[in-house]
Amino acid sequence: MTIRLGDAAPDFTQESTEGPIHFSEWKGDSWAILFSHPADFTPVCTTELGQVAKLKPEWDRRNVKPIGLSVDPIESHSRWVGDIKETQGEALNFPLLADADRKVATLYDMIQGEAATTTVRSVFVIDPKGIVRLTLTYPASTGRNFDEILRVIDSLQLTDGYRVATPANWKNGEDVVVLPAVKNEEAATLFPKGFTEVKPYLRTTPDPRG
Ligand code: BEZ
């Protein structure tokens with residue numbers, strides 16, 4: 001099944017390094033990032049899991065719960081977790097699904113390519129209402145940039161609350177653009193810090209928060 005932006009995130013129950021997880025209950029009304037790995041005991045995956053663990057304060061600040069997935073069994077995960085702590089200097093501080101029966105991988109279409117049996121590097125960002133807000137698919141050979149995923153979450157959380165969008169390479173705190181549907185008269189009220197009209201369709205305004 002192809003999962004598209006705006007779809008309800010499929011629910012599941014699966015074994016994990018923190019015991020059985022019923023996804024919607026575990027997530028509650030937080031945001032979540034569900035991301036898959038090709039296999040346990042692989043170098044890129046090891047660095048990725050260490051990196052996500054190191055970013056815990058950043059996930060917490062945004063009310064995001066990370067959850068990883070690999071299609072290896074729980075016994076394998078339990079041994080690998082020790083290596084992650086040893087080599088990455090950070091213990092795993094979020095659950096890693098043991099999707100040995102490929103239940104979740106199949107549900108989220110994480111196994112891609114002719115004759116493939118393991119997952120690619122999929123990413124799903126899911127909002128507090130359980131809606132898929134971002135999907136990314138990386139090849140096995142390329143480790144993900146989790147700063148970029150945090151950046152997109154910052155954009156989603158800002159643009160959910162204000163009638164703005166974020167421009168290319170935007171980072172939290174930088175100027176944003178006013179949605180084209182907002183008329184200038186309305187923009188003057190919505191954005192008390194003012195806005196700059198570069199073109200009638202391209203208007204910038206400072207971060208509207210605070
Ligand atoms: C890795 O995680 O290091 C990896 C996994 C599959 C293919 C290539 C690299």
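I'd like to check something: does region 98-115 contain any residue that is in contact with a His (Cβ under 6 Å, 6 or more places away or on another chain) and in a strand (DSSP E or B)?
Checked against the condition, which is being in contact with a His (Cβ under 6 Å, 6 or more places away or on another chain) and in a strand (DSSP E or B), region 98-115 yields at least one hit.
Regarding region 2-19, can at least one residue be identified that is over 16 Å from ALA91 (Cβ atoms) and basic (Lys, Arg)? Checking region 2-19: at least one residue is over 16 Å from ALA91 (Cβ atoms) and basic (Lys, Arg). Within region 116-175, being surrounded by 16 or more Cβ atoms within 10 Å (Cβ to Cβ) and of a type in the set (S, T, N, Q) holds for THR118, THR119, SER122, THR135, SER155, GLN157, THR166.
With the requirement that a residue be among the polar types (S, T, N, Q), within 12 Å of the ligand (Cβ to nearest atom) and either crowded, with 19+ Cβ neighbours inside 10 Å or assigned to a loop (DSSP other than H, G, I, E, B) (or both), what does region 40-63 give you? Across region 40-63, the qualifying residues are THR42, THR46. Among residues that are touching a strand residue (DSSP E or B) at 6+ places or on another chain (Cβ under 7 Å), within 16 Å of the ligand (Cβ to nearest atom) and under 19 Å from ASP7 (Cα atoms), VAL123 is included.
For region 101-142, a residue qualifies if it is hydroxyl-bearing (Ser, Thr, Tyr) and either modelled with pLDDT under 95 or over 12 Å from PRO10 (Cα atoms) (or both), and the qualifying residues are THR106, THR117, THR118, THR119, SER122, THR135, THR137, TYR138, SER141, THR142. Does GLY6 count as open to solvent by 30 Å² or more (accessible area, probe 1.4 Å), without any contact (Cβ under 8 Å) to a residue 24 or more places away in the chain and of a type outside the set (Asp, Glu)? Taking the combined requirement at face value, the residue does not satisfy it.
Checked against (1) closer than 27 Å to PRO57 by Cα; (2) not in a strand (DSSP E or B), GLU186 passes all but condition (1).
For the structure I just gave you, tell me whether HIS37 is under 21 Å from the mean Cα position of the chain (by Cα) and open to solvent by 40 Å² or more (accessible area, probe 1.4 Å).
Working: under 21 Å from the mean Cα position of the chain (by Cα): yes; open to solvent by 40 Å² or more (accessible area, probe 1.4 Å): no.
No: the conditions fail for HIS37.
Go through region 24-39 residue by residue and tally those that are in contact with a helix residue (DSSP H, G or I) (Cβ under 7 Å, 6 or more places away or on another chain) and more than 14 Å from the ligand (Cβ to nearest atom). The qualifying residues number 2.
As a summary of the residue check, SER155 satisfies the conditions (1) of a type in the set (Ser, Thr, Tyr); (2) within 15 Å of the ligand (Cβ to nearest atom); (3) not assigned by TED's automatic domain parsing to the domain that holds GLY19 except for the one numbered (2). Checking each residue of region 91-100 against the condition of being of a type outside the set (A, V, I, L, M) and open to solvent by 50 Å² or more (accessible area, probe 1.4 Å) gives at least one match.
For SER70, the conditions (1) among the polar types (S, T, N, Q); (2) in contact with a Gly (Cβ under 8 Å, 6 or more places away or on another chain); (3) within 16 Å of the ligand (Cβ to nearest atom) all hold with the exception of (2).
The values are calculated or read from the model by the stated rules, or taken from the named source; none is laboratory data. The shown structure was predicted, so the numbers you read here are calculated from the model rather than taken from an experiment. In this analysis, Cβ positions are derived from the backbone assuming ideal geometry, glycine residues included, and neighbour counts consider all displayed protein chains. Accessible surface areas use protein heavy atoms only, side chains included; no ligands, DNA or RNA. Shrake-Rupley method; radii C 1.70, N 1.55, O 1.52, S 1.80 Å.
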